[in-house]
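Remarks on the structure that follows.
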Amino acid sequence: MTMTANAPARRAPRIKSRAVRRFMQHKLAMLGLVMIVTLALACFVGPYLLAFDELFIDLRARFAPPFTGGHIFGTDPLGRDIAARLFHAGQVSMTVGFAAMIMSTCIGSVVGVLSGYYGGAVSAVLMRIVDAFLSFPSVFLLLALAAFIQPGPAMITVIIAATSWMEVARIVQAEVKTLRDQDFVQAARMLGLSGRWIMFRELLPNAIGPIIVAATLTVARAILLEAYISFLGYGIQPPLPSWGNMLNGAQQYLQSAPWLAIVPGLAITIAVAGFNFVGDGLRDALDSRSEAR
Amino acid sequence: MLRYLSGRLGQSLILLFIVSLIGFFVLSLAPGGPLSQFALSPGMTQEQMDRVAEQMGLNRPIIVQYFDWLTSMLAGDWGTSYRDQQPVLTIIADHLFATMLLMGTATAIAVTVGTTVGIWSAVRRGSVFDYTTTVLAMVALSIPTFWFGLIAIYIFSLELGWLPAGNMYTVGDGSIGDYAVHLILPALVLALVDVAVWSRYMRTATLNVINQDFVRTARAKGLPNRRILFKHIVGNALVPMITLAGLQLPVVLGGALVTETVFTWPGMGRLFLDSLGYSDYPVVMGLLMASAMLVLIGNLAADLIVAVVDPRVRLS
């Protein structure tokens, strides 16, 4: 008697630890984690270790190449230290990426769970809206929005979230649809629990695996999108640095000062690749079907 | 078959309607809106602004404006550009070819390279080649297209001097060879992400087919390996790739916009950015609609081809 009662309680942590173990054994995911942690440490601690302020202008030291005059990544056209700007830009870009991920995951989850739980007309309408948003090339929609708003980190975050919630919505909808008819949901319904309780306390927690994977990949996407629009001048505005707007003027100095373009682009690539690697590892770890592969 | 087609067409039209609603309301409700361009000109009084708004019909309820815009759009009148007073449809048509050329070339590269890599890594699953391409594909997906473009220009135009750094042709030349030389770099840059996506999907699709019964039957019949691979496996694995090509369209179109900016390529992406810079509202709206239409037509075409190729879809 006691054994049967204990069995389910004991099984839950074992599955979790199996997922953790599978994730830890995923070499690429570990590499990704190291990349993200290193970059985050550099961006949030690095500025305190540097001799230069990110806004300090020194016109005598314009276009200093990397590793000259104490500037490890060189200086920009105004003589500002690129390392200091890169780390501060990293704080901005990563914060925007994270905040956009949280926002779009929330929107996507709510839309997905409503659509998956109610089905029928609700689902048809919501999913057509998702399809319609997916029909726009996201950069087009994002730029159209960015051009007509007051650009600031908060608004940029909102519009990135507004154009990247659709994937999560689709994933959650598909997941909830398969969970909806299972016994534990029937049981909850017979207990007289409200639809809201079933959706957010029963269904959504059971779909958490795919949501985490999608959220991780959304951070990567959001960092890329921020970089795109800031590069084109519609995103984060100077003097606040972001990885995208650091590249904004780099094209005209490509021949004389290539490090202006190379350094921030590498930072973006490392951050995005890091999140993509971790997302891939999480998918393999959390997806029970992946064991067969 | 006919019912399937009309059903899909109906769905696309409904989608297009929602797309137009989103596009119109997003741009109309944004602070500033269509009038922002006039607000910038010096000496503009509130009275004059009101008169402009009235002339353009912008003081009417937004629903009325929307249906007015929708009916004239359906009649082929997409408005006139604020910048040079040309019809929006003409301007878009002028830039369509350049974008199509770029996207077509990039997609051709991506399909050829991507499917080959995908098939090969599926057949040699777990090999060094499979692992290397997996990692490379993920790195390729992480590189910002515009930055890759900048680096490509730096290496191949500025340092090596092999290829031109931008534009579609040299003024005064314009031969096919000249176009081709200008096309290489932007097409390769745009193709990078696409190659990665295609190789991943082709690998999965091939793996899905490779263990199926009819492949085992073919092997049991003693057919040569090469014949099984190309006729039985690849033939079937390519079907979902047609749908993928449709689904990838918005990504490629978005990538084309970014690539065009870096390479000063005279396509729709550049036009979009220029129009944004001028707050040329009718052209921005027209391009949003045109890009969504292209995507929907592409998806519809993909579904059509799948229905023709794959009897399972046609009959269900």
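The values are calculated or read from the model by the stated rules, or taken from the named source; none is laboratory data. Owing to the predicted nature of the structure, the values given are computational and were not obtained by experimental measurement. Quick reminder, even Gly has a Cβ in these numbers, built from the backbone with ideal geometry, and neighbours come from all protein chains shown. These area figures cover heavy atoms from the full protein model, side chains too; ligands, DNA and RNA do not enter into them. Shrake-Rupley method; radii C 1.70, N 1.55, O 1.52, S 1.80 Å.
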Original post:
Among the listed residues B:Thr99, B:Thr134, B:Thr115, which satisfies the condition of being of a type in the set (Val, Ile, Thr) and touching a Gly at 6+ places or on another chain (Cβ under 6 Å)?
Top reply: B:Thr99
Subject >> Pair list, Cβ < 7 Å and 6+ apart or interchain, from the stretch B:268-280 residues that are at the interface with chain A (Cβ under 10 Å from one of its Cβ atoms) to residues that are among the acidic types (Asp, Glu) >> reply: B:Gly269/B:Glu260
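Can you tell me which of A:Glu167, A:Glu202, A:Glu175 is within 14 Å of another protein chain (Cβ to nearest Cβ) and assigned to a helix (DSSP H, G or I)?
A:Glu167
Kindly indicate which of A:Glu167, A:Glu175 is open to solvent by 50 Å² or more (accessible area, probe 1.4 Å), of a type in the set (D, E, K, R) and under 21 Å from A:Leu224 (Cβ atoms). If you could, list the steps in order and put the result at the bottom.
Working: A:Glu175 fails: under 21 Å from A:Leu224 (Cβ atoms).
Checking each option against the conditions leaves just A:Glu167.
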**OP:** Spot the failing condition for A:Pro151; the list is (1) within 14 Å of chain B (Cβ to nearest Cβ); (2) open to solvent by less than 20 Å² (accessible area, probe 1.4 Å), and only one is missed.
**Re:** (2)
**OP:** Give just the number: which of (1) out of contact with any Gly (no Cβ under 9 Å at 6 or more places or on another chain); (2) at pLDDT below 70; (3) within 14 Å of chain A (Cβ to nearest Cβ) does B:Ile22 not satisfy?
**Re:** (2)
Original post:
Right, B:Asn299: buried (at least 18 other Cβ atoms within 10 Å of the Cβ), more than 11 Å from chain A (Cβ to nearest Cβ) and on the phi < 0 side of the Ramachandran plot or not?
Top reply: no
Original post:
Out of curiosity, is A:Tyr253 more than 8 Å from chain B (Cβ to nearest Cβ), farther than 17 Å from A:Ala83 by Cβ and either in contact with a strand residue (DSSP E or B) (Cβ under 6 Å, 6 or more places away or on another chain) or aromatic (Phe, Trp, Tyr) (or both)?
Top reply: yes
Subject >> Residue check, B:Val209 farther than 15 Å from B:Val309 by Cα, at pLDDT 80 or above and in a helix (DSSP H, G or I) >> reply: yes
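Condition check: within 14 Å of chain B (Cβ to nearest Cβ), crowded, with 24+ Cβ neighbours inside 10 Å and under 22 Å from the mean Cα position of the chain (by Cα). Does A:Phe133 satisfy that? Spell out the reasoning first.
Details: within 14 Å of chain B (Cβ to nearest Cβ): yes; crowded, with 24+ Cβ neighbours inside 10 Å: no; under 22 Å from the mean Cα position of the chain (by Cα): yes.
Considered against the rule, which asks whether it is within 14 Å of chain B (Cβ to nearest Cβ), crowded, with 24+ Cβ neighbours inside 10 Å and under 22 Å from the mean Cα position of the chain (by Cα), A:Phe133 comes out as no.
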Subject >> Any pair with Cβ under 7 angstrom, 6 or more apart, that starts in the stretch A:171-189 at a residue that is polar (S, T, N, Q) and ends at one that is open to solvent by less than 90 Å² (accessible area, probe 1.4 Å) and part of a helix (DSSP H, G or I) >> reply: A:Gln173/A:Gly112; A:Gln173/A:Ser115; A:Gln173/A:Gly116; A:Gln173/A:Met127
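Conditions (1) open to solvent by less than 70 Å² (accessible area, probe 1.4 Å); (2) assigned to a helix (DSSP H, G or I), marked per residue:
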site	(1), (2)
B:Ile119	yes, yes
B:Val135	yes, yes
B:Trp162	no, no
B:Gly166	yes, no
Original post:
Hey, among the residues in the stretch A:73-110 that are of a type in the set (Phe, Trp, Tyr) and touching a residue at least 60 places away in the same chain (Cβ under 8 Å), which one's most open to solvent (accessible area, probe 1.4 Å)?
Top reply: A:Phe98
Original post:
All but one of (1) under 15 Å from A:Leu225 (Cβ atoms); (2) more than 9 Å from chain B (Cβ to nearest Cβ); (3) touching a residue at least 12 places away in the same chain (Cβ under 8 Å) hold for A:Gly119; which doesn't?
Top reply: (1)
Original post:
Out of curiosity, is B:Leu276 under 23 Å from A:Gly235 (Cβ atoms) and buried (at least 21 other Cβ atoms within 10 Å of the Cβ)?
Top reply: yes
**OP:** State whether the residues of the stretch B:88-95 include one that is exposed (fewer than 13 other Cβ atoms within 10 Å of the Cβ) and not hydrophobic (A, V, I, L, M, F, W, C).
**Re:** yes
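Could you run through the stretch A:235-270 and say how many residues are hydroxyl-bearing (Ser, Thr, Tyr) and surrounded by 24 or more Cβ atoms within 10 Å (Cβ to Cβ)? Before you say what the answer is, go through the steps one by one.
Start the filter on the stretch A:235-270 by keeping residues that are hydroxyl-bearing (Ser, Thr, Tyr), which leaves A:242, A:253, A:256, A:269.
Cutting the leftovers down to surrounded by 24 or more Cβ atoms within 10 Å (Cβ to Cβ) gives us A:242.
Number satisfying all stated conditions: 1.
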**OP:** Could you tell me whether A:Gly235 is within 12 Å of chain B (Cβ to nearest Cβ) and either of a type in the set (Gly, Ala, Ser) or closer than 28 Å to A:Phe140 by Cβ (or both)?
**Re:** no
Original post:
If B:Val283 satisfies every condition in (1) in contact (Cβ under 8 Å) with a residue 24 or more places away in the chain; (2) assigned to a helix (DSSP H, G or I); (3) surrounded by fewer than 23 Cβ atoms within 10 Å (Cβ to Cβ) but one, which is the exception?
Top reply: (3)
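Let's see how each residue does on (1) farther than 30 Å from B:Ile184 by Cβ; (2) β-branched (Val, Ile, Thr); (3) within 14 Å of chain A (Cβ to nearest Cβ); (4) touching a residue at least 40 places away in the same chain (Cβ under 8 Å):
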site: B:Phe67; (1), (2), (3), (4): yes, no, no, no
site: B:Leu74; (1), (2), (3), (4): yes, no, no, no
site: B:Gly79; (1), (2), (3), (4): yes, no, no, yes
site: B:Arg83; (1), (2), (3), (4): yes, no, no, yes
site: B:Ile92; (1), (2), (3), (4): no, yes, yes, yes
site: B:Leu101; (1), (2), (3), (4): no, no, no, yes
site: B:Gly104; (1), (2), (3), (4): no, no, no, no
site: B:Gly118; (1), (2), (3), (4): no, no, no, yes
site: B:Ser127; (1), (2), (3), (4): yes, no, no, no
Original post:
Restricting attention to the stretch A:178-189, and to residues there that are in contact with a helix residue (DSSP H, G or I) (Cβ under 8 Å, 6 or more places away or on another chain) and outside any loop (DSSP other than H, G, I, E, B), which single residue is nearest to the other protein chains (Cβ to nearest Cβ)?
Top reply: A:Leu179
